[in-house]
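Asker: The following block contains the structure, expressed as structure tokens.
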Amino acid sequence: MRPFGKRRVLMKNRHYFEGKIQPFEDIPLSQDTIALYLQEGCLEQLKGIESSRKSPFQVTFKCNRCLSKNPYHFATHYCLRCSGYCTYCRNCIRMGKISSCTQLIIWKGPRSEVQPESSLTWKGTLSDLQQQALEEWKGSIATGKSHMIHAVCGAGKTEIMFGALQLMRSRGERVAIACPRTDVILELAPRLQQAFKSLRIDVLYGGSEKPIGLADLTLATTHQLFRFHKAFNHVIIDEADAFPYSADATLVAAVEKSLVSGGFIHYVSATPSKHLHTDRKSLLAKRFHGHPLPVPRFQKALSYKKHLTRQKVPPVLDKWIAYQLEMERPFLIFFPTVRMLEDFPGNMERVHAEHPFRKELVQQLRDGKIKGLCTTTILERGITISNLQIAVVGTEQPIFTEQALIQIAGRAGRSAEFPTGDVVFFHNGVTEDMRRAKSAIERLNMQ
């Protein structure tokens, strides 16, 4: 093949590889075409699972897609593909099996140019505090610094993000917004698509379509970043303190792997943990409508477990539900476990992480088609419903940490039309997390 023709083929098919790490067999090109890329040094092959022997009795493994080295993430079995014993990674197996005999492909050729464009079509206005935080973030972007936006629940951090995204795109930079939970992705996607109508925005989560090439803007769960390699100039982590990102080192490594050399990680959160470090930080302690955060109240429910075991609604909770129904206000009731959620008496709709119609039921609550919804902590973040009231059952349970309770309380009073809301913690004993959550909210209201 002549040099000109060879280069034309390389540039024509570059989008199949750039910014991704993927198994050889997943690439929809002929073996001859892939061989040409390898010959020209535009691609690099990696073993799916690398192994090293530390001693005659100890072998360590590393998955080159998710970067896990945890020995509990690996298993060995007889492999029909390679007709031998093969080790595979269980940590990222939901994205397809990566084994010792898997060949992973990454792009080593020149990066495609991203055309700078200012494509923000959102016509809203920011409050003075929002604008100040945005200008500080823009200053960090312009001077090559990472940034954190610490914004209380309902402060309008998504609108602040619009301005930062506009600047990044005007500089010809690729951006990913990553969230630990699918619910946040599904809530954020239509708002981004409305604000940036001319951009290609890929929305990636478990079960979504996997598009070819890199989008102008990628919105993904943090797990989906396992698929990327040196793809983005900026990665914005929304609610980085949320499970599972906060408890999984491979997700942190995936974010770093997805960045180009010299790329930046930015954080946006209402409850940032202490281990998140950036060059600069902005604090937004007021909601966009200027009203204070609803302060939770503590309500004793000493025998709630006994009542639920007998298939009865605890009287204090029953009274609270009846009042919300009388006032025609939508409400969420949070439970500490799926078992307690499913055993809750009555025919009220309920959702949890594995519920197949979670998205549809949340939308029905938003549209007023159902009055209330029972849930686990899966809905503690990323849910905005006007005039929402909040109850937490069994608030003393360990799953209700300070950060989780602040996020749950932050679902109430988010709209300017209904800036207040009832947040009640039903408990069998007040915990330190409950006290700290309430104190943190009161402290922010004083700023």
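Asker: Find the relative contact order for the chain and round it to a whole percent, using C-alpha pairs within less than 8 Å whose residues are 6+ positions apart.
Answerer: That works out to 14 percent.
Asker: How do 352-365, 108-121 rank on mean C-beta neighbours within 10 Å, highest first? Kindly include the intermediate steps, with their values, before the conclusion.
Answerer: Values: 352-365: 15.2, 108-121: 12.7.
Packing proxy ranking, top to bottom: 352-365, 108-121.
Asker: A further question follows. Please list the non-local residues whose amide H lies under 5 Å from the amide H of L259, H modeled 1.01 Å from N, same-chain partners needing a gap of 5 or more.
Answerer: The answer is K230, A231, F232.
Asker: So how far apart, in nm, are the two label points at R297 and S118 if each is 7 Å from Cα heading toward Cβ?
Answerer: In this crude label model, R297 to S118 measures out at 5.0 nm.
Asker: Here is a follow-up. Say we join alpha carbon atoms closer than 10 Å with springs in a Gaussian network model of the chain; which of E135, E380, E209 then has the biggest fluctuation?
Answerer: It is E209.
Asker: Please give the direction-averaged projected area of the C-alpha convex hull for the stretch 42-153, in square nanometres with one decimal.
Answerer: 13.2 nm²
Asker: In straight Cα distance, which aspartates and glutamates are under 14 Å from K300, not counting same-chain residues fewer than 8 positions off?
Answerer: Here the aspartates and glutamates satisfying the reach criterion relative to K300 are D318, E396.
Asker: Roughly speaking, what is the stretch gain from M327 to K108, that is 0.36 nm per residue apart minus the C-alpha to C-alpha distance, in nm to one decimal?
Answerer: In short, 72.7 nm is gained.
Asker: Run the reach check for K108 against lysines, Cα to Cα strictly under 20 Å, same-chain hits fewer than 8 apart removed. What comes back?
Answerer: Of all the lysines, those that pass the test against K108 - Cα under 20 Å, at least 8 places apart if same chain - are K6, K12, K20, K47, K230, K257.
Asker: Can you give the FRET efficiency for K274 and E50, using 1/(1 + (r/R0)^6), R0 = 41 Å, r = Cβ-Cβ distance, to the nearest 0.05?
Answerer: The pair K274/E50 has a calculated efficiency of 0.80.
Asker: Return the aspartates and glutamates within reach of K312: Cα separation strictly under 17 angstrom, same-chain partners fewer than 8 residues apart disregarded; answer none if there are no such residues.
Answerer: Answer for K312, where 17 Å is the Cα cut-off: E342, D343, E349, listed by chain and number.
Asker: Something else about it: Can you give the local net charge around Q397? Use residues other than it whose beta-carbon is closer than 11 angstrom to its beta-carbon, Lys and Arg +1, Asp and Glu -1.
Answerer: -1
Asker: If you don't mind, another one. When Rg is the radius of gyration of the Cα atoms in the stretch 211-252 and Rh is its Kirkwood radius, what does Rg/Rh come to?
Answerer: Dividing the radius of gyration by the Kirkwood radius yields 0.96.
Asker: Give me D for the chain in µm² s⁻¹, whole number, from Stokes-Einstein with Rh from the Kirkwood sum over alpha-carbon pairs, 20 °C and 1.002 mPa s.
Answerer: The calculation lands on 89 µm²/s.
Asker: Roughly how many nanometres apart are two label points built 7 Å out from the Cα toward the Cβ at Q31 and E442?
Answerer: That separation, rounded to one decimal, is 7.1 nm.
Asker: Hey, another quick one. How are the C-alpha pair distances of the stretch 3-107 spread across 5 Å bins, as whole percents from the shortest bin up?
Answerer: 2, 12, 21, 20, 15, 12, 9, 5, 3, 1, 0
Asker: What's the extension gain from Q364 to M348 if we count 0.36 nm per residue and subtract their Cα-Cα distance?
Answerer: Contour length minus the Cα-Cα distance gives 4.5 nm.
Asker: Once you sort the root eigenvalues of the Cα gyration tensor of the stretch 297-445 as a ≥ b ≥ c, which label holds: rounded (a/c under 1.5), prolate (a/b larger than b/c) or oblate (the other case)?
Answerer: Rounded shape, in that the Cα axes give a/c under 1.5.
Asker: Ok, one more. Pairs of Cα atoms under 8 Å, at least six residues apart: use those to get the relative contact order of the stretch 3-107, whole percent.
Answerer: Working: 150 pairs, mean separation 36.0, N = 105.
It comes to 34 percent, rounded to a whole number.
Asker: Work out, step by step, the length gained on full extension between S208 and E40: first 0.36 nm times the residue separation, then minus their alpha carbon distance; give nm to one decimal.
Answerer: 57.2 nm
Every number in this text was worked out from the coordinates using simple rules, so none of it is lab data. Since the structure is predicted, the reported quantities are computational estimates derived from the model, not experimental observations. Every residue, glycine among them, receives a Cβ derived from its backbone with ideal geometry; neighbour counts consider all protein chains shown.
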